[in-house]
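Novice: The structure follows.
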Amino acid sequence: MKKTSKLIRLIHNPTAGDGEYSKKEIIKLIESNGYKCNYTSSKKKAIGNIKPETEFIAIAGGDGTIRKMIMTLLNKKLKYKRPIALLLLWYCK
């Protein structure tokens, strides 16, 4: 039986942490740990459809981005609930 990678939905604020952590760098970090990554910028008005096979949601940004995305997800009628991981970019300096 073939083992498949878990899918993570990454919601990222590209300007968090003074823009030190690019989309490409965060995706590379996630994928180097054996996960597949589906990216969305927090700057978009909608976070888009979350695929049913998504294992969990990772939010990368500062406290404002995290608050905004948590509130958006709580108000969204998701068919499947998922755990959320917080990547505090200001903390990674």
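Derivation of every value follows stated rules applied to the coordinates shown; laboratory data play no part. No experiment lies behind these values; they were computed from the predicted model shown. Cβ coordinates were reconstructed from backbone atoms using ideal geometry, including for glycine residues, and neighbour counts include every protein chain displayed.
Novice: Answer rounded, prolate or oblate for the chain, using the Cα gyration tensor with square roots of eigenvalues a ≥ b ≥ c: rounded when a/c is under 1.5, else prolate when a/b is larger than b/c, else oblate.
Specialist: Cα axes put the chain in the oblate bin.
Novice: In a shell of Cβ-Cβ distance under 13 Å around Ala58, excluding Ala58 itself, what net charge do Lys and Arg (+1) and Asp and Glu (-1) give?
Specialist: +3
Novice: Using DSSP to call loops (not H, G, I, E or B), can you name the GluC sites (Glu not before Pro) in the range 25-71 whose Cβ has at most 12 other Cβ atoms within 10 angstrom?
Specialist: Filter output for the range 25-71: Glu53.
Novice: Sticking with this one: Given charges of +1 on the Cβ of Lys and Arg and -1 on the Cβ of Asp and Glu, with all other atoms neutral, how large is the dipole of the chain about its Cα centre, in debye to the nearest 20?
Specialist: Dipole about the Cα centre, nearest 20: 520 debye.
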